[in-house]
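Here the structure comes first, spelled out in structure tokens, and everything after it is commentary.
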Amino acid sequence: MEELDDVAVLTLRAANITEAMMITLSPEDLRDLFPGPENFLRRKAVWRACHGVSEEESGQEHSKLSGSSSFNESPMRQTSTPVNASPAKYTTPEKVVKLSFPEYVLHIDTELEQVRQQYFELSKRDEQRNCQMSKELRCRLIRNTMTSMIAILRAKGDGESHRYPSKPEITAMAKRIVLYYPMLQDQGFPTWVTVYTQLYKILQNVRSPQKRTTDGRHSKR
């Protein structure tokens with residue numbers, strides 16, 4: 001995975017995909033892991049890493065990753081609009097929360113994308129309020145997103161490897177989550193408070209790293 005960027009590596013690790021498993025990934029798998037036109041080049045890079053071929057040799061195969069026909073039906077290209085929004089102006093929000101450092105990645109998977117697609121399908125009939133994310137999927141989204149945020153900080157490795165996401169960073173991620181998964185918005189304003197609280201609770205439950213003392217026991221850092 002050395003030739004891949006941090007976002008690609010962390011996404012693969014979050015999905016529990018080892019280097020040995022990468023060769024089994026199909027174009028459809030890559031679209032699930034890295035959906036959206038903004039990730040086209042990243043899918044190409046991962047495909048080359050999976051199969052050990054050059055960009056020129058894999059050019060024809062990479063064209064499949066763009067999903068010329070089926071990709072238009074993908075949830076990531078969903079053009080349905082929320083209530084009171086203009087269809088021409090609505091665009092899919094990015095899944096990467098870009099701060100001064102680092103770039104945190106919003107967790108996605110096939111089931112979450114299906115719920116998101118259902119929301120926008122219902123919004124065409126002004127019935128999006130009937131779309132709810134199950135407790136299991138919501139917990140998975142919150143837990144995996146926070147796990148990814150911590151992993152990205154650990155990967156920095158410049159003396160701040162034991163830093164945890166700050167409250168402003170968690171706030172930025174909570175805002176992006178409810179923007180990408182609008183069915184999670186609170187009814188009042190601000191709309192992201194519940195998601196922020198759940199993210200922060202996961203962080204509080206993470207045990208601090210331990211350091212072995214001279215007498216062989218462990219102490220919390």
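Some points to look at:
- Scanning segment 97-134 for residues that are more than 14 Å from Tyr181 (Cβ to Cβ) and out of contact with any helix residue (DSSP H, G or I) (no Cβ under 7 Å at 6 or more places or on another chain) yields a total of 9.
- Matching residues in segment 133-155 - criterion: being surrounded by fewer than 19 Cβ atoms within 10 Å (Cβ to Cβ) and polar (S, T, N, Q): Ser134, Thr147
- Segments classed as helices (runs of 4 or more DSSP H), wholly inside segment 107-221, with at least 3 members that are modelled with pLDDT of 85 or more and among the charged types (D, E, K, R): 110-123, 135-156, 167-180
- Among the residues of segment 16-50, those identified as touching a residue at least 40 places away in the same chain (Cβ under 8 Å) and assigned to a loop (DSSP other than H, G, I, E, B) are Pro35, Gly36.
The values are calculated or read from the model by the stated rules, or taken from the named source; none is laboratory data. Just so we're clear, the structure is a prediction, and the values are computed from it rather than from any experiment. For neighbour counting, all protein chains shown are included, and Cβ atoms are generated from backbone atoms with ideal geometry for every residue, glycine included.
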